[in-house]
Each structure stands twice: as structure tokens, then as C-alpha cells.
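Data block below; observations after.
The values are calculated or read from the model by the stated rules, or taken from the named source; none is laboratory data. What you see is a predicted model, and the numbers here were worked out from it, not measured in a lab. Note: ideal-geometry Cβ built from the backbone for every residue, glycine included; neighbour counts use all protein chains shown. Keep in mind that these areas ignore ligands, DNA and RNA; they rest on the heavy atoms of the full protein, side chains included. Shrake-Rupley method; radii C 1.70, N 1.55, O 1.52, S 1.80 Å.
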Amino acid sequence: DATGDGDLAARAGVPYTVGVAADDHCALSGISAPGSMGAMGVMFRMANVDMDALFAYLRAHPEAFQVQRVALQSLEEAAANHARGEMACFVIRGDRFSHQVYNSPIAGVVTLCCPCYAGSGLDVDALTAGEIALMHEVHERANWLRQTTPGFANAFLLDMPEIGVRETRHIEGEYKLRIEDLLARTAFADTIGRGSHPIDIGPLPEALRNVATVDHWSFEIPYRSLLAKGLANLLLAGRCISATHEAFGCTRTTVQCMITGQAAGTAAALAARTGVSPKALDVDALRARLAADGVVL
């Protein structure tokens, strides 16, 4: 099940929660109501951006620059990376909008993040309303950037994908990954890969803010979190793996979804080849194959 929303698992009768569960830290602290979900959102790309002019503006106006909390690049590090043709990632702040900026291998093309829309990704009407609202907001933001931010004066909107759903169902697995596991860097005998993303949800209790801003922080993801509870033959991949709301904030993002996707796909292939169910699979053999394919365990 790589649907993100856990559609297959839900239809197969696997237990699940939606959004914040009653026993999650965010609910117990009173910050988020049970059942509330992370906002939907969208990235968009603009072309014909003058990056040299943008960096010059940010040097002259340091109050408009902010370090992006995952990349942790200073202004000069971002500018140097861009000059070398590498990933530059930072935040530009304005009086109305702020944007995460990611350069691209295509000269003058940047990806910008992230307009958001509050609604349920399980509700087709909310998805439709979100698409319309975000389409208008992206055009508004593009116009605002052209009018206010040097480097964007001659830029144009290149494209935007369909709405991105951050959070819906959390499927129950053989093991529910907890934020305590990640913070303690718990070692799992059945780990299928390592993630390293901060808790990308909000709001958060004070004790969980600014987590994973130190160098070399990483956590392990156990194979059991990919095994749907109560079924022998269903693997989970992506944002619907078995995790609490706060741990999900670390596992839901792109790289971690790549890790669980590769593990689930490899496990399915090995199970089919050896004629066993995923739950009966030799985990050591799975880990050996993942390691041989370059996965960091």
C-alpha cells in the first residue's frame, strides 16, 4: 500500500487512526485536537529568476534571509552551492509571504514552498476546494514576488503540481514507531533504513521543537512498521506506515518515503521469489539485499 492515505489497508480492514490520535503528545499537551491533520499544500516553480540579483538583494537585506531548518545553509553557503551547480536551499522573508527556495539544474528555475490549505485529504470536496484556493494563491504569490523581490522581476510561473496531502490515515502495523524511538536513536534488529528529517508537523509541544538540528542526527525505521497489523500479506510504504503523529512528522517526507518504498518493494519481491508471506520473510536476507543495493542501515 503506497497510496499515502492507506486506502488499501483501510479497505482491507486494518485498524488506523486519522491525524492526531488521542494519546499523541500533541493531543495530550492540548496543542492539537484529536483527529486534526496537517495542512495540505503545494510547491510551485518559477522560471527566468536572476539568482545573482536575488543573492545580492539578500546580502544587502539580511533581514529578508532565513536559514532553512533542514538544509541549514547560511546565505554564503547557499550562494556558493548555487555557483557550483549544487543544491541551494534557503528562505526569503517578506512582509506578506515567506518562501522556501530551492534552485534547480535548469538555469533560472527555482522551486518555491509552500502555500497551504486546511482540509481533509480524504474528502473529495476539500481536495477540490484546496486545488482552487491554492491555484489562486500561487498566482498571487508569483505576482507579489515579481513586484517586491529583486531577482524575480522578469520571472514567470512555470508549473505547479496537484495539491499535496501531508497527513490522513496512520495505519496500524506490527510495530508503531514512536517519537521516543527517534529521539533515542533506538537500534532495531529489523531496521530497513535510516532517516534524518526533523519533525515536519506543527504545532509541536515545546519539548519537541528544534529537534534534529544537530549534525549527523539520524534514526532507524524497523521493518515491522511496514507490516500491516492482522494481515500476513500487506506491506505499507510512504506516509501511511505505522507511526505516531510526531514520529510521522519525521518519516512522511520524500527521502524517508523513498527508504520505506524501496524496502517494501524489495520485501515483496523476495517474498514472492521464496514463496513466503512478507511477515514470514527472512529479515536478515532482506537487510542484506538492501545493503547490497546501497541502502544505509
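For residue 199, which sequence-distant residues (separation of 5 or more, or a different chain) have an amide H within less than 5 Å of its own amide H, given hydrogens modelled in the peptide plane?
Residues meeting the amide H criterion: 211.
If each Cα of the range 146-199 is one equal point scatterer, what is log10 of I(q)/I(0) from the Debye formula at q = 0.16, 0.21, 0.24, 0.27 Å⁻¹?
The Cα Debye sum returns log10 ratios of -0.74, -0.97, -1.15, -1.23.
Residue-wise, which Karplus ³J(HN,Hα) couplings in Hz belong to the range 261-275, taking 6.51 cos²θ - 1.76 cosθ + 1.60, θ = phi - 60°, and x for glycine or proline?
After applying 6.51 cos²θ - 1.76 cosθ + 1.60, I find x, 5, 5, 5, x, 5, 4, 4, 5, 5, 5, 5, 5, 9, x Hz.
Write down the percent of antiparallel bridges among all DSSP beta bridges whose residues are both part of the chain, to the nearest 5.
Antiparallel: roughly 95 percent of the beta bridges in the chain.
What are the radius of gyration and Dmax of the range 1-160, computed over its Cα atoms and given in Å?
19.0, 58
Through the Karplus equation 6.51 cos²θ - 1.76 cosθ + 1.60, θ set to phi - 60°, convert the phi angles of the range 92-107 into ³J(HN,Hα) values in whole Hz; use x for Gly and Pro.
So the Karplus estimates, Gly and Pro as x, are 9, 10, x, 6, 10, 10, 10, 9, 6, 10, 10, 6, 9, x, 8, 4 Hz.
Suppose only helical runs count, i.e. DSSP H with n ≥ 4. What mean residue ellipticity at 222 nm does that imply for the chain under -39500 (n - 2.57) per run, divided by all residues and rounded to the nearest 500 deg cm²/dmol?
Helix-only estimate at 222 nm: -9500 deg cm²/dmol.
Go through 156, 90 and list them by solvent-accessible area, largest first, probe radius 1.4 Å.
Final ranking, largest accessible area leading: 156, 90.
Which far-off residues, 5 or more places away or on another chain, put their amide H under 5 Å from the one on residue 194, with H placed in the peptide plane?
Here 296 satisfy the definition.
Rounded to a whole number, what % of the accessible area of the range 96-231 do carbon and sulfur atoms account for, probe 1.4 Å? Working shown, then result.
On the way: 3370 of 6410 Å².
On the range 96-231, the fraction of accessible area on carbon and sulfur atoms equals 53 percent.
Return one number: the angle in degrees, 0 to 90 and rounded to the nearest 10, between the long axis of the Cα atoms of helix 283-292 and the longest principal axis of the Cα atoms of the chain.
Helix 283-292 sits at roughly 30 degrees to that axis.
Counting other Cβ atoms within 10 Å, which GluC sites (Glu not before Pro) in the range 161-247 have at most 13 and lie in a DSSP loop?
162
Here are some values of percent of Cα pairs over 33 Å apart: (i) 19; (ii) 31; (iii) 48. Which one was computed from this structure?
(ii)
Where only protein heavy atoms count, and the probe is 1.4 Å, what is the accessible area per residue for the chain in Å²?
It amounts to 47 Å² per residue over the chain.
Using the Cα centre as the reference, give the magnitude of the dipole from point charges on the C-beta atoms of the chain (Lys, Arg: +1; Asp, Glu: -1; all else neutral), rounded to the nearest 20 debye.
The dipole magnitude comes to about 360 debye.
Answer with one residue from 82, 144, 31: the one whose Cα lies farthest towards the positive end of the charge dipole of the chain, charges on Cβ with Lys, Arg +1 and Asp, Glu -1.
Farthest along the dipole direction, towards plus: 82.
Sort out the exposed loop trypsin sites (Lys or Arg not before Pro) in the chain (DSSP loop, at most 11 other Cβ within 10 Å) and tell me the longest stretch that has none.
Longest stretch, sites excluded: 186-297.
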